[in-house]
Amino acid sequence: MSARSVRARLTPYGLILPAWLWLVIFFVVPIISMLSVSTMTGNVANGFTQTFHFSTYANAWNLYHTQILRSLVYGLIATALCLVIGYPVAYWIAFRGGRHKSTLLFLLLLPFFVSFVIRTQSWSFMLADHGMVLNAIRTLHLDGVLRFLHIISSQTTILQTPAAVIGGLTYNFLPFTVLPIYVALERVEPALLEASADLYASKATAFRKVVLPLSLPGIFAAVLLTFVPVASDYVNATILGGPNTTMVGNIIQTLYFTNLDYPTAAALSFILMGVLLIGIFLYARVLGTEDVFEMATA
Amino acid sequence: MNDPMNTPPDLLRGLTMPRISRRRALQAGGLASLGMLLAACGIPAAPQSKLGLSAARKQIDKFWLAQKKHGQLNFANWPLYIDVTKGGDHPSLDLFTKQTGIKVNYQEVIQDDDSFFGKIQPPLSNGQPTGYDLMVITNGVYLDLLIQLDFLTPLDQNRMTNFYTYASDLVKDPSFDRGNVYTMAWQSGITGIGYNINETGRELTSWQDLLDPKFSGKVGMFGDTEDLPNSALCAIGVNPETSTPADWKNAADWLHKQRPLVRKYYQQDYIGALTGGDLTVSMAWSGDIFQNQSSDPHLRFVVPKEGAPIWTDNMCIPAHAQNPLDAMTYMDFVYQPKIAAMIADYVNYITPVPATAEIFKKNAKQATKPSDRKYYENLATSPLIFPKPSEYSRLHRYRVLSESEQKVWNSLFEPIYQS
């Protein structure tokens, strides 16, 4: 084989090398080292040694499955809310934005210029018992209705209830839902809508049969990008939550920093990752795709 | 430690490889051997000192003799824990720089002991400097751990003149650091009950007031494994320092009984909730309440009659610090009554220098504005800043826990604030 052909054969590998290195250094190595920590035993003073102690996983699940399940439920509700709120926003920007599209997208991203924690903290000021939201509700005498709907507790508070945490999660992750849907809708040819009108489709039918199916890849990516970080978030539960809204992220943080129990914290992270991956693959099946990655990058 | 070659190969395959072709198996093989290396490493234990006491003392003296002043001090402290002007200057630090020529890089980076420990532990266990020459750590689990792991630099006892002249009995030779080998107190405080008397409609006197259904949904508690359990032990009439696992169980039961009334298990954010009206009554730190009383005169602080935890935040020098002599100089500097008064005037916690009371009395006499006079009179006579020796009998240190006790303790108390 000539030197030239060897080089030609190696060139593609050389070109993908940086990407591989990136993946190995920042993803594979940390994840394998965490995986190995999760089966170690010991303590900070005496060090941790590898003993392949797999029952850490069972113990972690037994102790903390409530918080894992709660995180999934909060994640599902917040993701659903994000879709309900985000889809019309994306639709409006894509089809009605006109020359203001980029301005509108910029406005959507504007909150990201302020720290995540600060934004969540400002929610806690607004939702406080004497904050502007509850004051307005009391002035308008809406508190009875909201109490009936269980959005505010029997003592007329919002802060420290599940509603506050889910609200915060929805608010914080909304742009992650809007952007992928927008990208998918942007690609829908307006001519297709005209064509469906020519074929006597009503506006609703055209949306159901043309626009919605074409935006499915966007919805898939949006759900993925929203649900995963929402389910592992701990900031909203810390700032807006109460005694019964602890999420699995809070537990992992406590295990890691307060208890210095690195193995259990690592095991719990992997359980969460496993549950999320299973959920995502099931979801991909339901949407009728064989290959998640094809779907997400379509 | 396990030999990497003894790792069951089928297990590794299961962990690292999906169902794969031969080509991909070869690629994954490279990663797997990397994984085995990592798996075999473990996380090392802290090195143990094997010196005798007198040899250790000689080593310490030798260490300090070799140190030179560098003119730089990197100081890690908690937020709002030193005197500050409206412009953001710290007059006591400026005075220090003027007198000693040592520049202070003052950083308010400590939010709580546990996450700060999490930050400094990795470099310290690798024998590297943390970037700080001086830090302030509360007595308790993390200070014990820092001492036990050899993560602190023993102090130069010859450079503690002001300390031994002016320090109060509370902070000299404390139970958590006999002989002040590693630490000198920064400030101390009491964990008690803070409340808004307008909302409660009565004076509170006891931990049992936290069980009053009248305050349901308006009660704040601390979400931690020090103040919450130790206060609960006081509440059931047990001295935390000598408590037994059976007592812990009872204290946890007390907390479970109280849990339905609790709005949230707070960190530092309880004070905003209390002044903002989200809370009527809360577990509180004495200095926070005193600081906020000027803007919110209905705030009260009570040391419950059953007793309460007292804690001390301590200055200490992390191992491998780059400017230990500059840190040592500063630690003794703040024990001059004049400097201690500058800090106590602002932070309102229990000062380690009782002689500051005289300075406050003098300030009160010289004050031109009546409001200033009243402020300094309050400071000089406040039992929250200068507790009387008779009150000390009701104040208890945190329970010191062994490694195995810590596990039991955490498993009893963590589910209360995280469930």
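Okay, here's what the table says:
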quantity: Amide H contacts under 5 Å for B:His70, placed H, 5+ residues apart; calculated: B:Asp326
quantity: Probe 1.4 Å, all protein chains present, accessible-area order of A:Trp92, A:Trp123, largest first; calculated: A:Trp92, A:Trp123
quantity: Cα-based helix-to-principal-axis angle, B:22-41 vs chain B, degrees rounded to 10; calculated: 50
quantity: Rounded tilt (10° steps) of B:91-100 against the dominant C-alpha axis of chain B; calculated: 70
quantity: Three-way shape call for the stretch A:219-276 based on the alpha-carbon gyration tensor, with the a/c threshold at 1.5; calculated: oblate
quantity: Under 13 Å from the Cα of B:Lys338 - aspartates and glutamates, other chains or at least 8 residues apart; calculated: B:Asp83, B:Glu358
quantity: Global geometry of the stretch A:1-66, whether rounded, prolate or oblate, following the gyration tensor of its Cα atoms and the 1.5 cut on a/c; calculated: prolate
quantity: Debye, to nearest 20: dipole size of the stretch B:191-268, +1 on Lys, Arg Cβ, -1 on Asp, Glu Cβ; calculated: 380
quantity: List A:Lys209, B:Lys249, ordered by accessible area with a 1.4 Å probe, largest first; calculated: A:Lys209, B:Lys249
quantity: Chain B - share of DSSP beta bridges that are antiparallel (%, nearest 5); calculated: 60
quantity: Given charges at beta-carbon only (K, R positive; D, E negative), |dipole| of the protein assembly as shown in Debye; calculated: 1460
quantity: Karplus (6.51, -1.76, 1.60) ³J(HN,Hα), θ = phi - 60°, over the stretch B:413-419, in Hz, Gly and Pro reported as x; calculated: 9, 5, x, 5, 9, 10, 8
quantity: Share, in percent, of DSSP beta bridges within the protein assembly as shown that are antiparallel, nearest 5; calculated: 65
quantity: Of B:Lys86/B:Lys362; B:Lys214/B:Lys264; B:Lys218/B:Lys257, those spanning more than 18 Å from alpha-carbon to alpha-carbon; calculated: B:Lys86/B:Lys362
quantity: Span-rule helices in chain A, defined as complete DSSP H runs reaching 20 Å or more along the axis (Cα) with Kyte mean at least 0.0; calculated: A:3-23, A:55-96, A:162-186, A:212-231, A:262-286
quantity: Anisotropy class of chain A from Cα gyration tensor, a/c 1.5 cut; calculated: oblate
quantity: Under 10 Å, Cβ to Cβ, from B:Tyr81 - net charge with Lys/Arg +1 and Asp/Glu -1; calculated: -3
quantity: Nearest-ten-degree value, helix B:356-366 long axis tilted from longest Cα axis of chain B; calculated: 40
quantity: Compactness of the stretch B:145-268 - radius of gyration and Dmax, Cα, Å; calculated: 18.8, 56
quantity: Cα principal axis extents for the stretch B:263-396, largest first, Å; calculated: 47, 43, 31
quantity: Cα gyration tensor of the stretch B:86-143 - equivalent ellipsoid semi-axes, whole Å, descending; calculated: 27, 15, 10
quantity: Range of Cα positions in chain B per principal axis (Å), largest first; calculated: 87, 59, 43
quantity: Separation of alpha-carbon centers, the stretch A:1-20 and the stretch B:68-104, rounded to whole Å; calculated: 58
quantity: Fraction of the pair-distance distribution of the protein assembly as shown above 36 Å, Cα-Cα pairs, percent; calculated: 54
quantity: Lysines whose Cα lies under 29 Å from that of B:Lys58, excluding same-chain neighbours fewer than 8 positions away; calculated: B:Lys50, B:Lys68, B:Lys69, B:Lys172
quantity: Point-charge dipole on Cβ atoms (K/R +1, D/E -1) for the stretch A:178-284, about Cα centre, debye to 20; calculated: 200
quantity: Relative contact order %, chain B, counting alpha carbon pairs below 8 Å whose residues are six or more apart; calculated: 22
quantity: Kirkwood Rh (inverse of mean 1/r, distinct Cα pairs), the stretch B:278-332, angstrom; calculated: 14.9
quantity: Chain A - percent relative contact order, Cα under 8 Å, separation 6 or more; calculated: 26
quantity: For B:Phe222, residues with placed amide H under 5 Å, excluding near neighbours; calculated: B:Tyr266, B:Met283
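The values are calculated or read from the model by the stated rules, or taken from the named source; none is laboratory data. If you're wondering where the values come from, they're calculated on a predicted model, not measured in any experiment. All Cβ positions, even for glycine, are placed from backbone atoms using ideal geometry, and neighbour counts span all protein chains on display. Side chains included, ligands, DNA and RNA excluded: accessible areas come from the protein's heavy atoms. Shrake-Rupley method; radii C 1.70, N 1.55, O 1.52, S 1.80 Å.
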